[in-house]
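Before we start, here is the structure in question, set down as structure tokens.
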Amino acid sequence: APRPIGWISTISAEGALNLAPYSFFNALSTDPHLVMFSSEGEKDSVVFARETGEFVVNLVSRDLVDKMNASSVDAPRGVSEFGYAGLTPEPSLLVKPPRVGEAHAALECKVTEILRPKGLDGKSGERFAVIGEVVGVHIDEAVMSDGLFDIVKAGSVARLGYMDYAAVTETFSMQRPKWGK
């Protein structure tokens, strides 16, 4: 802890919208820019990402936590969590799934692979890791400082253990050491 939250929006091949938060989420690399979310169970996010090959990662900020929590409801397939949580599906530019219009930032992604991670017993069980390459970025200018995304201004939220969350209220910088200096 803390773990970033990937608020994943997807669309089915038939056009049904889905939105769900995943705290098993993170960036994997910068070349190429890969992100992943992991689902315990083959939920709509996984199924729809497989069907269309696309998903959007939306930023969860402090002002949106109640709506993020509402979107975690176990709604039946075909019921849009956007509507249930009172959120606006905003068209993406490069992928079919919409982004959350109220979110301060979003990453448009194309699926590169879907894995079924295995335990030491060699069994994969009902775990799915969806990896995607970022092909588009949306950032609200109001959360930029000196040309950079400002996590404190954005009020980014992370998942802790149990049912606990944290909002970023302070950041600091450190330079990595160089050997021999």
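Could you grab the pairs with beta carbons closer than 6 Å, sequence gap of 6+ or different chains, first residue in the range 168-181 and farther than 18 Å from residue 150 by Cα, second one assigned to a loop (DSSP other than H, G, I, E, B) and open to solvent by 100 Å² or more (accessible area, probe 1.4 Å)?
none
Just a yes or no: is a residue in the range 76-84 buried (at least 19 other Cβ atoms within 10 Å of the Cβ), in contact with a helix residue (DSSP H, G or I) (Cβ under 6 Å, 6 or more places away or on another chain) and modelled with pLDDT of 95 or more?
We begin by selecting, within the range 76-84, every residue buried (at least 19 other Cβ atoms within 10 Å of the Cβ); these are 81-82.
Of the ones still in play, those that are also in contact with a helix residue (DSSP H, G or I) (Cβ under 6 Å, 6 or more places away or on another chain) are none.
Scanning the range 76-84 turns up no residue that is buried (at least 19 other Cβ atoms within 10 Å of the Cβ), in contact with a helix residue (DSSP H, G or I) (Cβ under 6 Å, 6 or more places away or on another chain) and modelled with pLDDT of 95 or more.
Filter the range 113-141 down to the residues that are open to solvent by less than 70 Å² (accessible area, probe 1.4 Å) and out of contact with any strand residue (DSSP E or B) (no Cβ under 8 Å at 6 or more places or on another chain), then identify the one that is farthest from residue 23 (Cα to Cα).
Ranking the candidates gives 122 first.
Here's a check for you: in the range 44-71, which residue that is of a type in the set (D, E, K, R) and touching a residue at least 12 places away in the same chain (Cβ under 8 Å) is most open to solvent (accessible area, probe 1.4 Å)?
Initial filter on the range 44-71 (of a type in the set (D, E, K, R)): 44, 50-51, 54, 62-63, 66-67.
With the extra rule that they be touching a residue at least 12 places away in the same chain (Cβ under 8 Å), the set shrinks to 44, 50-51, 54, 62-63, 67.
On the way: 44: 24, 50: 112, 51: 89, 54: 15, 62: 143, 63: 106, 67: 76 Å².
By that ranking, first place goes to 62.
Sort out which residues of the range 158-181 are open to solvent by 100 Å² or more (accessible area, probe 1.4 Å) and of a type outside the set (Gly, Ala, Ser), and write them in order of number. Steps first, please.
Quick first cut of the range 158-181, residues open to solvent by 100 Å² or more (accessible area, probe 1.4 Å) only: 162-163, 169-170, 172-179, 181.
Listed by number, the residues that qualify are 162, 163, 169, 170, 172, 174, 175, 176, 177, 178, 179, 181.
The values are calculated or read from the model by the stated rules, or taken from the named source; none is laboratory data. Only a predicted model underlies this, so the values are computations on that prediction, with no experimental measurement involved. Here the Cβ is made from the backbone with ideal geometry for all residues, glycine too, and neighbour counts use every protein chain on show. The area values use the complete protein model at the heavy-atom level, side chains included, leaving out ligands, DNA and RNA. Shrake-Rupley method; radii C 1.70, N 1.55, O 1.52, S 1.80 Å.
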